[in-house]
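The values are calculated or read from the model by the stated rules, or taken from the named source; none is laboratory data. The structure displayed is predicted, hence computed values, not measured ones. Note that we place each Cβ from the backbone using ideal geometry, even for glycine, and neighbour counts take in every protein chain shown.
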Amino acid sequence: MLVRFWGTRGSLPVAPTADTIRQKIVHALLVANGTSFADAAEAEAFIDNELGFAAGATYGGATPCVELEAGSGSYFICDMGSGLRSFGLSSMKRNAEGHRKTYNFFLSHLHWDHIMGFPFFAPAFDPMATIRVHAAHPDAEDALRRQQEEISFPVPFDWLRADIQFVQLTPGEAYEIDGVQVETARQQHSHVSYGYRFTDRDGRTVIYSTDSEHKPDNMEDEAAFITFFREADLVICDTMYSLAESVTMKEDWGHSSNLVAIDLCHEAQAKCLALFHHEPTYADEDIQRMHEESIRYEELTRNGPPLEVICAYDGLEVRL
Amino acid sequence: MEYSLERRDDAIIVQVGGRVDESSWEAFGAALEEAIDQARQGGVRDLVIDLGHLDYMSSRGLRALTVAKRQADEGEIVIRLASPNEVMREILAISRYDKLFMITETIELKR
């Protein structure tokens with residue numbers, strides 16, 4: 001299975017400013033200190049070896065959209081954040097090469113940052129495309145239609161030409177969808193959110209658990225998450241806030257922290273955790289620091305096999 | 001995890017040893033609740049958690065501390081963390097809990 005991240009930022013899309021890019025270039029030039037490079041490959045090696053990720057790249061700023069290439073012939077996409085636009089264009093290139101035009105969406109919830117990409121999803125205008133929107137929310141269709149009402153958007157939902165179907169899922173039930181086993185579980189968030197567990201024919205398992213708050217008063221409920229995450233190859237988790245923030249000023253905001261995600265993954269014996277749904281006010285350096293601290297916390301509290309901790313960014317591909 | 005409670009003139013000391021993790025956070029939380037009760041009944045405002053023998057605390061333990069702090073705040077009892085080892089210092093920094101709790105080198109509070 002291949003997991004491709006098209007949007008990894010929470011709440012609001014963000015983009016680096018001219019000054020942000022300029023400062024990265026200044027820093028890189030200072031580190032290079034007059035080094036000359038024979039070609040692009042040498043320059044890229046310098047970036048990989050001498051600059052940290054924040055200095056040499058960016059975590060990106062599109063809101064959540066994660067694609068799973070599960071070998072089933074159809075597309076599997078978690079959420080429709082602003083990253084969906086880029087995915088849509090990429091899929092059209094693949095469709096031109098013969099890819100099946102069937103899109104299976106799985107919505108964690110209906111908040112703006114997780115559905116805002118759909119009005120810009122080009123395949124929705126293709127009458128030959130089939131779009132199945134899977135959601136445990138009964139009002140998923142209402143949410144998508146509402147954001148395309150004229151007061152908000154110039155193109156009405158009814159102008160979309162694809163065959164769009166809404167499929168309601170029930171937490172706790174197992175589904176087989178185009179060769180992939182899918183389960184969903186209820187999470188704590190405003191208007192409720194749902195996590196997903198995907199298992200392909202080779203037994204590779206990915207968990208998508210975003211916008212899920214784990215409150216100090218409800219720690220006994222975490223046993224259900226440990227079962228849901230059990231032995232997953234990759235767990236994608238909302239790690240928006242520090243633990244202290246999540247229990248104080250950001251309590252009841254519906255998000256979680258890196259430490260809780262690591263602890264849940266340790267207990268579930270998951271293999272890899274992807275930090276996700278990054279705080280929009282965080283600069284790349286802040287996210288990198290959070291990633292480094294997460295790796296260190298995992299080392300300090302490890303009581304079994306190591307958990308690989310990666311940090312999702314727009315464009316990241318993880319092959320399981 | 002092991003713990004003990006000690007009443008001193010001006011403080012309740014909770015000494016915690018071992019690890020506070022998924023298997024012991026509930027017992028840790030119960031110990032903190034007991035300590036807060038003792039502090040309330042004794043009119044004591046200072047509750048010290050002696051981490052000197054604690055290997056580490058996961059987010060479960062840290063969040064149990066948060067629950068205890070809320071209970072303590074209602075009784076105007078101040079919880080502070082004393083004598084953390086290097087691992088706990090890192091965990092407190094990574095979690096930013098060093099911004100939520102007073103941390104002292106020893107269980108005595110220099111006034």
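Numerical summary
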| quantity | calculated |
| --- | --- |
| Checklist (1) of a type in the set (Lys, Arg); (2) at the interface with chain B (Cβ under 10 Å from one of its Cβ atoms); (3) in contact with a Phe, Trp or Tyr (Cβ under 8 Å, 6 or more places away or on another chain) applied to A:Lys215, failing item | (3) |
| Test for A:His137: is it out of contact with any strand residue (DSSP E or B) (no Cβ under 6 Å at 6 or more places or on another chain), touching a residue at least 60 places away in the same chain (Cβ under 8 Å), assigned by TED's automatic domain parsing to the domain that holds A:Phe225 and surrounded by 14 or more Cβ atoms within 10 Å (Cβ to Cβ) | no |
| Near pairs, Cβ below 7 angstrom, 6+ apart or cross-chain, from region B:69-86 (at positive phi) to any residue that is in a strand (DSSP E or B) | B:Ser83/B:Asp50; B:Ser83/B:Leu51; B:Ser83/B:Gly52 |
| In region B:52-78, residue surrounded by the most Cβ atoms within 10 Å (Cβ to Cβ) [restricted to those that are within 14 Å of chain A (Cβ to nearest Cβ), not in a helix (DSSP H, G or I) and not polar (S, T, N, Q)] | B:Met57 |
| Residues (surrounded by 24 or more Cβ atoms within 10 Å (Cβ to Cβ) and touching a residue at least 40 places away in the same chain (Cβ under 8 Å)) located in region B:40-51 | B:Val48 |
| Residue in region B:90-108 that is buried (at least 18 other Cβ atoms within 10 Å of the Cβ), in contact (Cβ under 8 Å) with a residue 40 or more places away in the chain and at negative phi present | yes |
| Region A:1-42 - residue that is touching an Asp or Glu at 6+ places or on another chain (Cβ under 8 Å), under 30 Å from A:Met116 (Cβ atoms) and among the aliphatic types (A, V, I, L, M) and, of those, surrounded by the most Cβ atoms within 10 Å (Cβ to Cβ) | A:Val3 |
| Matching option when the condition is within 14 Å of chain A (Cβ to nearest Cβ) and either surrounded by 14 or more Cβ atoms within 10 Å (Cβ to Cβ) or more than 11 Å from the chain's Cα centre (by Cα) (or both), among B:Ser4, B:Ser23 | B:Ser23 |
| Some residue of region A:26-45 being in contact (Cβ under 8 Å) with a residue 24 or more places away in the chain, outside the structural domain of A:Tyr103 (by TED's automatic domain parsing) and not aliphatic (A, V, I, L, M) | yes |
